[in-house]
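Okay, so here's the structure we're looking at.
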Amino acid sequence: MPNPLINFLKLFRDIPADDEGLIAGAMEHRTYKEGDYLFKAGKICRELFFVCEGILRIKVINENGNEVTHFFIRENKFCSILNSFNNQVVAQESIQAACNAEVLAISRTGLDTLYSRLSYLKPLITEITHQALLDKIAVRNAYLGQDSTTRYRMFLMRQPEIAYRVPLSDIASYLGITPQSLSRIRKNIR
């Protein structure tokens, strides 16, 4: 069976067959149901995930005790709490399955071992994760200054692969709209 991570990495560079085995062997396949946590805030994030199927969300609990979705991560993307993972500091964010999901996971130690054996892998993954972070920021910035209806329409255009797969409450949280307002907006734009 083809490995989605290997296929993804091959989009950026050639991966020798022996290296494919090393990379695949270091990853652990996991499945999560909607709402399951891959990582909970208050600890150091020690794993990097690659989303094979489904959507994950990065969320925090704000000062009022409400959940706020910062980002959605879909298939063929890496996911971690990067500052915590890279700098070994406690994370304020959590990673949760926004719908049923399949991921490949690797520990920080396992990734460092791969990096020491495959010299090209660290610059490759660093470049991919940095570009993904810049893309996420650009998408979020596009919503700034827009009214609720415009934010939702932009979300449907920019992230349609997420819009119909995750709970409405998560989308509302991500867009900074109450679930009730989002429900009205959805009814009015149909």
Sum -39500 (n - 2.57) across every DSSP H segment of at least 4 residues in the chain, then divide by the residue count to get the 222 nm mean residue ellipticity, nearest 500. -13500 deg cm²/dmol
GLN180 to HIS70: extension gain in nm, 0.36 nm per residue of separation minus the Cα-Cα distance? 37.6 nm
Spatially near lysine pairs across the chain, Cα under 28 Å, sequence gap of 8 or more or different chains: 23
Sort 13-26, 153-166 by the packing proxy (mean of other Cβ within 10 Å over each peptide's residues), most packed first. 153-166, 13-26
Whole-Hz couplings from phi, Karplus 6.51/-1.76/1.60, listed for region 26-39; x for Gly and Pro: 7, 9, 10, 7, 9, 10, 10, 8, 3, x, 5, 8, 8, 8
Cα-based Kirkwood hydrodynamic radius, region 4-189, one decimal, Å: 17.5
Could you order peptides 71-82, 116-127 by the average number of other Cβ atoms within 10 Å of their residues, highest first? 71-82, 116-127
Those residues of region 166-182 whose amide nitrogen sits under 15 Å from the label point placed on THR149, 7 Å along Cα→Cβ: 181-182
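The numbers here are math on the coordinates, done by the rules we state, and not lab data. None of the values given here were measured: they were computed from a predicted structure. Heads up, the Cβs are rebuilt from the backbone with ideal geometry, glycines too, and the neighbour counts pull from every protein chain shown.
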